[in-house]
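What follows is one structure encoded as structure tokens, with my remarks underneath.
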Amino acid sequence: MGKNQSASLHRTLPTLALSALLGVVVMTPAAGCASGADNSGSTGGNAPAETQQKPASDQQQDSASATDQNAQERAAAGADDKSMKDAGNAQGADGIMSQDEALDVALAEVGLTAADVTVTKNALEVDDGVETYDIEFASQTDQFDFTVNAKTGAVLERKVEAVSTMSGNVADAIPEDEAKAIAAERAGVPEGSATFTEVKLEQDDGVAVYDITLTDGTTKYECTLDAKSGQVIDFSSEAIQGSAS
């Protein structure tokens, strides 16, 4: 090899070595960048996606739970409203039971029905600040007097008395049936339509009399007869409180 060629070779070799070295340096970061891009696409890119999906799932569950809770609250509120409406139908807005309900309470106490009796009084009253129903009715054998708490339905007072009470044994007194017929005629009520709630034979100032009370369902009549002659001594009438006109 000539001197010129040798000198040219010595100049070229360092250049090639430097180029090769620079090529490695330049290519290495590029490869690193590519690897970083791959990792970013496979790992770094998916991680945020997972992080975003979890809150969305939690939000859906929270929304579903809130919806269920609201539905349950509405159902409970509806049930409460229905209960209040039912209570309101059973009692008036002020908590007072009706006349019919109060009468049913009294009748149940003596094992009778409305068809078994004639009501002579059913009135709402205030007794010592307590609202009560004063109820009077009679069967064919007994007279009943009840006081019922108008709000609770509790029976506060109960009286039962036999319709016919003979407190005197008077000779020559007209029969009871005849006395009842005279009283019904005086009241203008057909005897078959009259309900007698009281028939008493007693002494009044030494005079034997019949005290008779009867009703036709709307009016109560009281009649006092001379027990021997059948003459009407006293007579009065009054409308039954709470009766339908």
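The values are calculated or read from the model by the stated rules, or taken from the named source; none is laboratory data. Computed from a predicted model, the values in this text were never measured in an experiment. Counting neighbours? That spans all protein chains shown, and the Cβs are built from the backbone with ideal geometry, glycine included. Accessible surface is based on the protein model in full, side chains and every heavy atom, while ligands, DNA and RNA are left aside. Shrake-Rupley method; radii C 1.70, N 1.55, O 1.52, S 1.80 Å.
The set of residues in the range 130-146 being surrounded by 20 or more Cβ atoms within 10 Å (Cβ to Cβ) and farther than 22 Å from S237 by Cβ consists of T132, Y133, F146. Specify the residue that is most open to solvent (accessible area, probe 1.4 Å); the eligible residues are those in the range 171-210 that are closer than 17 Å to I240 by Cβ and not in a helix (DSSP H, G or I). Among residues in the range 171-210 that are closer than 17 Å to I240 by Cβ and not in a helix (DSSP H, G or I), the one most open to solvent (accessible area, probe 1.4 Å) is G188. Evaluation of K151 against the conditions (1) over 13 Å from A102 (Cβ atoms); (2) open to solvent by 50 Å² or more (accessible area, probe 1.4 Å) shows that the sole unmet condition is (1). For the range 93-129, residues that are out of contact with any Gly (no Cβ under 6 Å at 6 or more places or on another chain) and open to solvent by 60 Å² or more (accessible area, probe 1.4 Å) total 18. Just one of the listed residues (L124, L112, L103) is modelled with pLDDT of 80 or more and more than 25 Å from the chain's Cα centre (by Cα), namely L112.
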